[in-house]
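Participant: Okay, handing you the structure first.
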Amino acid sequence: MLLALDTATPAVTIALADGAHVLAERTTVDARRHGELLAPAVEAVLLDAGVGRADVDRIAVGVGPGPFTGLRVGLVTARTLGAVLDVPVLGVCTLDVLALMAVEVGVAGPFRVVTDALRKEVHWAAYETGAAPADLRRVDGPHVARPGAAPWEGTAVGAGAATYRDFFPGAQDPVLPTAAATCRWVAAGLPLLEPEPLYLRRPDAAEPAARKPVG
């Protein structure tokens, strides 16, 4: 059984699959409650599927790119579960998952996946397609940039493209990734990553500077 989760976008999304067959999934869109929502949703998905934690033999986690706080919640949870259950943890680029979803609904390459990086920036990557979803290839990126520095007249998917339509006039669905698509990515044997965060810029929070000595 593969348990998949992704918190690199406003969506907190979890799915459980047996091979390519998704047994249960849940997705909640709330950019401010990743930490609060994720653990109960994981338990709910296992309950919906009628299986226990011991039935999970692999975990897949979205590694971004995405805002620091939300992305960290998913990765820490996946690593902790992997350690507790003694199962491998697989990393999947969140933009790749959106690209697969795009291909599944008929989007043909070349196209871009553009997500919202906050701070009036976007994360983006470019893709080409073939005769089957397994032929999907990322050919550029991921990058972080101002929307005006990465304009694209062709087809673009993702929340960043939907938000900044002036720069991505070909914006269309899908907008947010799903963990069910993450399961299909793994089942198709598409490229995996280490479960390490794809941070393309410094975190929003910074350690306070050292105080100057008082003379």
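The values are calculated or read from the model by the stated rules, or taken from the named source; none is laboratory data. The model shown is predicted, which means the values in this text are computed figures rather than measured ones. Virtual Cβ from ideal backbone geometry, glycine too; neighbours counted across all protein chains shown.
Participant: Can you name the number of the only condition in (1) farther than 27 Å from A41 by Cβ; (2) not in a loop (DSSP other than H, G, I, E, B) that F167 fails?
Facilitator: (2)
Participant: Continuing with the same structure: Looking at (1) in contact (Cβ under 8 Å) with a residue 40 or more places away in the chain; (2) in contact with a Leu (Cβ under 9 Å, 6 or more places away or on another chain); (3) outside any helix (DSSP H, G or I); (4) of a type outside the set (F, W, Y), which one does V73 not meet, given that it meets all the others?
Facilitator: For V73, the failing item is (3).
Participant: Filter the range 1-24 for residues that are in a strand (DSSP E or B) and more than 15 Å from the chain's Cα centre (by Cα) and give the result.
Facilitator: First pass over the range 1-24, keeping only residues in a strand (DSSP E or B): 2-6, 11-18, 21-24.
Once the filter is applied, which keeps residues that are in a strand (DSSP E or B) and more than 15 Å from the chain's Cα centre (by Cα), the range 1-24 yields L2, L16, A17, D18, H21, V22, L23, A24.
Participant: I would also like to ask the following. Of the residues that make up the range 78-88, is at least one in the same structural domain as T9 (by TED's automatic domain parsing), among the polar types (S, T, N, Q) and over 15 Å from the mean Cα position of the chain (by Cα)?
Facilitator: Here is the first cut: in the range 78-88, the ones in the same structural domain as T9 (by TED's automatic domain parsing) are 78-88.
Restricting the remaining residues to those that are among the polar types (S, T, N, Q) gives 80.
Adding the requirement that they be over 15 Å from the mean Cα position of the chain (by Cα) leaves 80.
Checking the range 78-88: at least one residue is in the same structural domain as T9 (by TED's automatic domain parsing), among the polar types (S, T, N, Q) and over 15 Å from the mean Cα position of the chain (by Cα).
Participant: Additional query: Which residue out of R58, R79 is over 15 Å from L16 (Cα atoms) and basic (K, R)? Lay out the reasoning, then the answer.
Facilitator: Details: R58 fails: over 15 Å from L16 (Cα atoms).
It is R79.
Participant: Among the numbered conditions (1) assigned to a helix (DSSP H, G or I); (2) surrounded by 24 or more Cβ atoms within 10 Å (Cβ to Cβ); (3) modelled with pLDDT under 95, tell me where V97 comes up short.
Facilitator: Exception for V97: condition (3).
Participant: Separate question: Test G35 against the stated conditions and say whether it is at pLDDT 95 or above and either surrounded by 15 or more Cβ atoms within 10 Å (Cβ to Cβ) or closer than 17 Å to A188 by Cβ (or both). Step through it out loud before you land on a result.
Facilitator: On the way: at pLDDT 95 or above: no; either surrounded by 15 or more Cβ atoms within 10 Å (Cβ to Cβ) or closer than 17 Å to A188 by Cβ (or both): yes.
Taking the combined requirement at face value, the residue does not satisfy it.
Participant: Next question. Looking at G109, G66, G74 in this structure, which one is crowded, with 19+ Cβ neighbours inside 10 Å, modelled with pLDDT of 95 or more, in contact with a strand residue (DSSP E or B) (Cβ under 8 Å, 6 or more places away or on another chain) and not β-branched (V, I, T)?
Facilitator: On the way: G109 fails: modelled with pLDDT of 95 or more; G66 fails: modelled with pLDDT of 95 or more.
Answer to the check: G74.
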